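Inspection log for the structure reproduced underneath, given as structure tokens.
The values are calculated or read from the model by the stated rules, or taken from the named source; none is laboratory data. It should be emphasised that the depicted structure is a prediction, and the values quoted were computed from it without experimental measurement. Cβ placement follows ideal geometry from the backbone for every residue including glycine, while neighbour counts extend to all protein chains displayed. Areas reflect the complete protein model, heavy atoms only, side chains present, ligands, DNA and RNA absent. Shrake-Rupley method; radii C 1.70, N 1.55, O 1.52, S 1.80 Å.
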Amino acid sequence: MTTSRLGTPLFGTILLLAACGAVAPTPPPSATPSLGGTSWQLVKFQSSDDKTVTPDDKSKYTLQFSADGGLSARIDCNRGRGTWKSSGAGLQLGPLALTRAMFPPGSLHDQIVKHWDYIRSYLVKDGHLFLSLMADGGIYEFEPIF
């Protein structure tokens, strides 16, 4: 019986190619990135009737989402702490404990506090965070704080 060594390199190449093709594909990135460890400042609020409200100073309206589910907020002159959790694009914000300093006329404080319990979902698009109110009540747009 005679054995041919000519088929051995070809067989090795086929085996190597088959093994390379068996590598598990990388899972796709999450469609909804986690908010944990991020900080944002308010750019504008767009209501369902297309009215836009912008803050006089973006840095007076900030949110910081901790990876452990804690949340820190600045709403004009007041500072607060609360909780957050998300599942997919859904977002649940817990009660916000706020200081009660007086704020100047034109502040967005009352509006944001009134809307807080109605924020239901989020989207991160083009580097901005969009928080949506239930029943198409409006959208808050935030930009990252660097």
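Within segment 82-110, work out how many residues are closer than 18 Å to SER72 by Cα and surrounded by fewer than 17 Cβ atoms within 10 Å (Cβ to Cβ).
Total satisfying the criteria: 10.
Could you say which residue among ASP76, ASP56 is open to solvent by 50 Å² or more (accessible area, probe 1.4 Å) and of a type in the set (Asp, Glu)?
None of the other options fit; the residue is ASP56.
When segment 111-146 is examined, which residues are found to be open to solvent by 70 Å² or more (accessible area, probe 1.4 Å) and in contact with a helix residue (DSSP H, G or I) (Cβ under 7 Å, 6 or more places away or on another chain)?
The answer is TYR118, ARG120, MET134.
I'm trying to understand the selection: among the residues of segment 37-84, which are part of a loop (DSSP other than H, G, I, E, B) and touching a residue at least 40 places away in the same chain (Cβ under 8 Å)?
Listed by number, the residues that qualify are SER48, PRO55, ASP56.
What's the number of the only condition in (1) loosely packed, with under 15 Cβ neighbours inside 10 Å; (2) among the charged types (D, E, K, R); (3) in contact with a strand residue (DSSP E or B) (Cβ under 8 Å, 6 or more places away or on another chain) that ASP50 fails to meet?
(3)
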